[in-house]
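Below is one structure, written out as structure tokens; the observations come after it.
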Amino acid sequence: MEEKKKSLRGFAAMSPERQREIARKGGESVPNEKRSFSQNPGLAAEAGRKGGQNVNPAKRSFSQNHELASQAGRKGGHASHGGTKTKSDVAETE
């Protein structure tokens, strides 16, 4: 049976740069006072805890592997605070 090739339309047909531009506008349209996680880190932490509790304990890789959790935390901190990448960060992404 011959496979039909789907044509890309709309958002899927756009370049990644154009997709990011549109997505950025969506985020910018929300006023700062409505961005609850950016205004309330405690609320963000609580949401993260709730999400983690809903995952089967056997599948919680961070609870099983604390070094993995530490690495992820460092990467997140570097990304959100404009930190520089270390050689190990670059090696892990390649």
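Taken together, the values in this text are just the output of simple stated rules run on the coordinates, not laboratory data. Since the model is a prediction, treat every value here as computed from it, not as a measurement. With ideal geometry, Cβ positions are generated from the backbone for all residues, glycine too; neighbour counts draw on all protein chains shown.
Tabulated data
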quantity	calculated
Chain lengthening between MET14 and PHE37 when straightened (0.36 nm per residue, less Cα-Cα)	5.3 nm
Listed pairs LYS6/LYS50; LYS34/LYS75; LYS34/LYS59 exceeding 30 Å between Cα atoms	LYS6/LYS50; LYS34/LYS59
Peptide ranges 45-54, 63-72, 5-14 listed from the most packed, as the mean C-beta count within 10 angstrom indicates	63-72, 45-54, 5-14
